[in-house]
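Trainee: Starting off with a structure, shown below.
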Amino acid sequence: MNTNRSIIHMDLDTFFVSCERLLDSRLIGKPVLIGGTSDRGVVASCSYEARKFGIHSAMPMRMAKILCPEAIVLRGNSGIYTKFSKNVTDVIKESVPLYEKTSIDEFYIDLTGMDKFFGCHKLASELRQRIIKETGLPISFGLSINKTVSKIATGEAKPNNQIRIISGTEKPFLAPLSVKKIPMVGNVTYKALCDLGVKRIQTVQDMPVELMHRVLGKNGLSIWKKANGIDNSPVVQYHERKSISTERTFNKDTTDVSKLRGIIIAMAENLAYQLRRGNKLTACVTFKIRYSDFQTYTQQQRIPYSAMDHNIIPVVLDLFKKLYHRRLLVRLIGVKFSHLVEGGHQIHLFEDNEKQLHLSEAIDKMRERFGDRAVITAAGMEAKSISRWNPFTGEPPPLLANRRQ
């Protein structure tokens, strides 16, 4: 294990709530809930004041209102949050040599080797103060020798504070904490660990690694390592323009608008599904068209972070409408989503009703089981071969992809 690394995890505190408070200072100090505002809505984010009432993310809005009747309920505005997220990213980008943006409100920064020049803790503290001053948003960080310990430390530092874990003290720092604090321990794993009588990280530290492996398989191995403060995963350089795309060249050039629309819808639908499958969101949609004379046109549009069909498909169709010249034969069309970040689930909770969310989840489950095109929009039926490698898992597409149109 490299004990000389200096890894920071930075996390914007109750990010959506903080953005809303910047826009309306009357919300400061009040219990605030953000998410779908109807009775079928879900809490996407809540302030610390609301958490005191037992409210948490993904709770039905109905229940949250019963727990805290005086809470102020706001519908999420991902356009605003996208803008604030970019402001924070810009400050980090200017200040550090290597950073990874893992979601709309979370960053890892590698300051290894910077000690020679500034002192990593000093640099991290100054960066945090600069973000608070320039964006007005509260942010916390944890500094340690790896990602796992830093992420857990940030959780302990919140709200609006910072913690440094000196190299060599990782295990005693983690020992008294709940196993739920380990990043990969969800509700199911937590229950399995509780059934074993494991509630604190120290218990995992004291267990033989073979036992964890035997009971929880590969997952158990990873949990044991993280509980012992072992994590060699690197900070991966963040590129704003990570993207996924698909395009279709026709065997025979066409002017059939309804056929083109159908294929475009199928392309957008499939790419949006790939985003959700990889827990990603896109903030930029690009459409490309090539005519039979090889003239090629592209146009892109920035959108609030999303991975939902009903947000994305209209944008793609609108770009098609702008670029398509009637009576010209079309040779190729393509759709691309870029500016990808992780964190799909949270944003989806803004959808005003659970119906839309549950429908999406149910359709995606069918696709997981029976292939990408097991369930498709009627309008996308024309396109028999829209499918692609999953860019996030490297899985090959189903056999449908090999059929000729």
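FYI, it's all coordinate maths here, none of it is from the lab. Quick caveat: nothing in here was measured; it's all calculated off a predicted structure. Glycine also receives a Cβ, built like all others from the backbone with ideal geometry; neighbour counts cover every protein chain displayed.
Trainee: Could you list the trypsin sites (Lys or Arg not before Pro) in the stretch 186-254 that lie in coil according to DSSP, counting only those with at most 16 other Cβ atoms within 10 Å of their Cβ?
Mentor: For trypsin sites (Lys or Arg not before Pro) across the stretch 186-254 that sit outside H, G, I, E and B with at most 16 neighbouring Cβ atoms in 10 Å, the list reads Lys199, Arg241, Lys242.
Trainee: Now a separate question. Which FRET efficiency, nearest 0.05, do Tyr291 and Gln237 yield, Cβ-Cβ r, R0 22 Å?
Mentor: According to the calculation, E is roughly 0.05.
Trainee: Dipole of the stretch 240-282, Cα-centred, from +1 at each Lys and Arg C-beta and -1 at each Asp and Glu C-beta, to the nearest 20 debye?
Mentor: The calculation lands at about 200 debye.
Trainee: Additional query: Using a 7 Å offset from the Cα along the Cα-to-Cβ direction at both Lys83 and Thr254, what is the distance between the two label points in nm, to one decimal?
Mentor: Calculated label separation equals 4.0 nm.
Trainee: Another question about this same structure. Under a crude label model (7 Å from the Cα following the beta-carbon direction), how far is Thr112 from Gln300 in nanometres?
Mentor: Each label point is offset 7 Å from its Cα along the Cβ direction, giving 3.1 nm.
Trainee: Residues of the stretch 24-40 with the amide nitrogen closer than 17 Å to a label point 7 Å from the Cα of Phe53, along Cα-to-Cβ, please.
Mentor: Counting backbone N atoms under 17 Å from the label point, the list is 27-40.
Trainee: Next up: Set the Förster radius R0 to 30 Å, insert the Cβ-Cβ distance between Arg75 and Asn160 as r into 1/(1 + (r/R0)^6), and round the FRET efficiency to 0.05.
Mentor: Efficiency, rounded to the nearest 0.05: 0.75.
Trainee: Please give the charge dipole size of the stretch 194-295, origin at the Cα centre, charges +1 on K and R Cβ atoms and -1 on D and E Cβ atoms. Round to the nearest 20 debye.
Mentor: In debye, rounded to 20, the stretch 194-295 gives about 80.
Trainee: Neighbour counts of other C-beta atoms within 10 Å: give me Met61, Met114 arranged from fewest to most.
Mentor: Lowest to highest Cβ neighbour count: Met114, Met61.
Trainee: On to the next question. In the stretch 18-91, which GluC sites (Glu not before Pro) fall in coil by DSSP and have 14 or fewer other Cβ atoms within 10 Å?
Mentor: Those satisfying the criteria are Glu70.
Trainee: I've got another one for you. For the stretch 169-238, build the charge dipole from Cβ charges (+1 Lys, Arg; -1 Asp, Glu) around the Cα centre, then report which of Tyr190, Asn228, Ala175 sits farthest towards its positive end.
Mentor: The Cα lying farthest towards the positive end belongs to Tyr190.
Trainee: Relative contact order of the stretch 156-292, please, whole-number percent, based on alpha carbon pairs below 8 angstrom and at least 6 residues apart.
Mentor: 18
Trainee: Among the listed pairs Lys83/Lys122; Lys171/Lys199; Lys93/Lys122; Lys180/Lys225; Lys65/Lys280, which are separated by more than 21 Å between their Cα atoms?
Mentor: Pairs exceeding 21 Å: Lys83/Lys122; Lys65/Lys280.
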